[in-house]
């Protein structure tokens, strides 16, 4: 892509986001604080729709590539947008999620592999998408973390192994820049909404899946390691406390830092960004295809995270059932 093309695309995405703001304001598509929220003021919801719009622009202007992936993304973004404004029945939402994931698998040509890879991939993909959605709770965290993932994937695509369209990576990166301009603020102009967090998770999982299938290197899963550690550890602690893991909550470590410790959202988001940046550098330049090194990196991060979490939150908060 030329500099002119990138500039035109960036300005177009800014314009689309601003148009959406007008529509969201007119139709009262807003985010009201709830039990899961780490914010206190009403804000426009669904700004993350720009990720799906960017992918659609790529599809029409760059040769109609990845038709099944784009279709899956449109479906999962559409149902997530409806869920943002209407609150849909879980069966309907999960059914569309499943169809979208199957379309992604078809794009990956996953059905040509032995059958047992399908249920494994379903669990990993749907689990990752939902975990990504749960991690979207404070200003700046989803946009900055996702932009880091896309930048890392672009570097890999250009310098290590070409596995996907660079134009698609650039287009998604530009949409994240636009979203971060409005979200990476003390007082955000908009939130991603489920349409944004689910949509960008679907996109990033697609890229990582492409990379893993092209290189046969499962170590690239660690590009989402820090999110994964927070999400999985939180689920385990909630299970230990005998809580309903499907109910809204503020039990993630990033939420503890934001709510209990009163750490500014952007500082927490930056901490997560910097830690994952270090992980990505180690993964790309030192771990590469060495599975033993990847396991050591993963174990080291888990141990440090858990030590810090127990030190800051305490055993009582993490392990004991809370009296309502």
- Task: Restricting attention to helices (runs of 4 or more DSSP H) lying wholly within segment 12-119, give those where 1 or more residues are touching a residue at least 40 places away in the same chain (Cβ under 8 Å), closer than 23 Å to residue 178 by Cβ and within 20 Å of the chain's Cα centre (by Cα).
- Result: 49-61, 67-86
- Task: Could you figure out which of (1) outside any helix (DSSP H, G or I); (2) in contact (Cβ under 8 Å) with a residue 60 or more places away in the chain; (3) surrounded by fewer than 17 Cβ atoms within 10 Å (Cβ to Cβ) isn't true of residue 188?
- Result: (3)
- Could you please give the count of residues in segment 210-228 that are in a helix (DSSP H, G or I) and more than 14 Å from the chain's Cα centre (by Cα)? 9
- Message: What pairs come out if I take residues in segment 200-214 that are farther than 15 Å from residue 72 by Cα and pair them with residues that are modelled with pLDDT under 95 and surrounded by fewer than 21 Cβ atoms within 10 Å (Cβ to Cβ) whose C-beta lies under 7 Å away, six or more apart or interchain?
- Response: none
- Task: Answer yes or no: is there a residue in segment 265-287 that is in a loop (DSSP other than H, G, I, E, B) and over 17 Å from residue 315 (Cα atoms).
- Result: no
- Query: Of the conditions (1) over 18 Å from the mean Cα position of the chain (by Cα); (2) modelled with pLDDT of 95 or more, residue 186 fails just one. Which one is it?
  - Reply: (2)
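The values are calculated or read from the model by the stated rules, or taken from the named source; none is laboratory data. Given the structure is predicted, the values throughout are model-derived calculations rather than measurements. Don't worry about glycine lacking a Cβ; one is built from the backbone with ideal geometry, like all the others, and counts go over all protein chains shown.
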